[in-house]
Structures are given as C-alpha cells and as structure tokens.
Amino acid sequence: MNEYTLNLPEDLAAVARELSIARHDTALLAATISKTATRLVPAADYVSVVVVAKGKIERAGVADDLADTCDTLQSDLGEGPSFDASVNGDTVVINDVSHEKRWPQFMNAAAAVGVRAMMCVPFDAGENKTGTVNMYSSAADVFTGRSRNVGELFTAHAAVAIAAGRESEQLHQAVQGRDVIGQAKGMIMERFSVDADHAFGLLRKLSQDSNVKLSEIAQRLIETGADSAAPETTPGRTSHSNGSNVDLDVKRRSLDGR
C-alpha cells in the first residue's frame with residue numbers, strides 16, 4: 001500500500017492490518033509503526049518509536065535519521081518531551097521549538113537539526129515501561145486539531161500491536177523453555193535411570209541452589225551433558241558461555257527426593 005485513502009476508519013483498519021503482519025518481529029514492528037505514521041498523521045514528517053526506562057530512551061525503531069538524531073539528543077541530554085509524556089501519560093505537543101521554554105538544551109539542539117514542531121504520544125510498553133511515538137515536523141504550528149487526533153488514534157492502534165507482539169514473544173520464549181527443560185529431563189532420566197519426577201526434582205534443585213532460571217539450567221546441562229549432574233561425582237563447577245559458574249554436582253539424595 002503506497003498511500004492512504006484519507007478516510008480515517010478505512011485508513012486505521014489498513015494500519016491495523018499492516019501492524020498485525022509485523023507484530024512477530026519487534027524491530028520490524030517498530031519500523032512499520034514509524035513508516036505508517038508518516039503516511040497517516042498529517043504533518044508527521046519524521047517518526048520514531050521509543051521506550052523510556054530508568055531515565056534513558058531506548059530507540060525501538062525509526063523511519064529516518066532525523067528522528068533518530070532527535071531521540072539520541074533527548075537521551076544524551078536527559079531532557080525532552082518524551083520523558084514528560086512517558087511519566088505523565090499525556091500527549092506533549094511543541095508547536096514551535098523556537099518559542100518553547102521547557103527543555104531549553106533539547107529545544108536548541110532540535111532547532112539546529114531542522115525540527116520546528118513535535119508531538120510525543122505515550123503508550124504502555126509493558127514491564128513497567130512506557131513508550132512514546134515521537135512525531136517531528138519541519139513546519140511550526142502543525143500538530144493541532146485533526147493532526148493531533150489522528151496521531152493519538154494511530155498510537156492507540158500501535159499500542160495494541162505492540163502488546164500483541166510482546167505476548168507472542170513471551171509465548172515463544174515459554175515454548176522454547178519448556179522444550180529445553182523436557183530435553184534436559186530426558187537426558188537425566190536416561191543417564192541415571194530415574195523417572196520424570198526425580199529428573200525434574202534435580203533440575204529444580206540446581207535452579208534453586210544456583211539462583212538461575214530453570215530453563216537456563218536445562219540449557220547448560222544440554223550443552224555440558226547429563227554427567228554434569230552426576231550424583232556421585234566429585235563436586236565441581238562448570239563454566240558457561242556467559243562467563244558465570246554454576247555448581248552442577250548434586251548428591252544422590254537430590255535425585256531420590258530426600
């Protein structure tokens with residue numbers, strides 16, 4: 001689709017379809033949000049999607065270099081409308097950066113790269129984080145009336161796609177984790193002739209003793225072999241690819257549940 005029909009309900013439906021297709025890939029979804037916003041929202045010349053967390057802006061996707069530059073400026077300077085929009089949960093509109101008294105360092109820097117107006121619309125990014133869709137314009141006094149309404153409606157649709165993408169990613173990770181745990185259990189059952197409950201008990205104890213997620217312990221056992229958890233071997237430590245060490249020796253009572 002090269003352009004929208006200028007019929008808002010139809011255009012938003014088209015946006016929803018595009019975002020739904022991209023929702024399984026976080027980077028692609030962010031880029032699609034940026035590109036569709038520049039086509040749909042009046043005066044939105046440059047658009048980016050960011051997540052604000054712990055006083056920093058994490059760039060999720062950009063449509064062009066200017067939007068990326070402005071997001072970097074906000075993050076480096078530690079000030080800007082994205083921070084306020086994410087904290088307060090309200091849309092922030094800058095009609096003319098040359099007249100804006102808030103965030104003086106960022107306003108001067110934005111003007112220097114050619115930005116005249118901008119709008120930051122917040123959305124829930126999950127995991128106690130807030131994101132903003134940042135829309136920049138090379139003209140002043142443009143984010144009013146229809147432009148602002150469309151920008152906020154668009155962001156609401158984008159937030160739904162982002163939430164769906166997050167759930168899809170979490171489900172994928174859960175399925176992967178379950179498969180890894182099942183494989184590790186099978187290796188322990190075969191190597192030590194124990195049943196599934198005892199094998200899972202060993203994995204669980206390794207996880208608790210080392211304070212490492214069960215799926216990570218399972219992956220490490222798959223990589224090092226079931227003998228790493230041998231109940232009668234000399235206690236030792238096994239190094240892993242991430243540089244951490246986890247004790248993989250457990251006495252036979254761990255396998256027997258005693």
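Each reported figure results from applying straightforward, stated rules to the coordinates on display, with no laboratory input. Owing to the predicted nature of the structure, the values given are computational and were not obtained by experimental measurement. Methodologically, a virtual Cβ is constructed for each residue, glycine included, from the backbone with ideal geometry; neighbour enumeration extends over all protein chains shown.
General observations
- Among Asp68, Asp195, the ranking by other beta carbons within 10 Å of each residue's beta carbon, starting with the fewest, stands as Asp195, Asp68.
- Packing-based ranking, highest mean first, of 70-82, 40-52, 205-217 given that Cβ atoms within 10 Å are counted: 40-52, 70-82, 205-217
- log₁₀ of I(q)/I(0) at q = 0.15 Å⁻¹ - region 8-166, Debye sum with one point per alpha carbon: -0.69
- Among the trypsin sites (Lys or Arg not before Pro) found in region 100-162, those both in a DSSP coil and sparsely packed, with 12 or fewer other Cβ atoms within 10 Å of their Cβ, are Lys101, Arg102.
- Using a simple spin-label model with pseudo-atoms 7 Å out from Cα toward Cβ, Asp96 and Ala53 lie 3.9 nm apart.
- Using the Cβ-Cβ distance between Thr224 and Val160 with R0 = 41 Å, the FRET efficiency computed as 1/(1 + (r/R0)^6) comes to roughly 0.45.
- Of the residues Thr91, Thr32, Thr144, the one with the fewest other Cβ atoms within 10 Å heads the list, and the complete ranking is Thr144, Thr91, Thr32.
- Residue-span extension gain [Arg146 to Ala112] - 0.36 nm each, minus C-alpha spacing: 9.5 nm
- Computed from label points 7 Å out along Cα-Cβ, the spacing between Asp65 and Gln105 is 2.4 nm.
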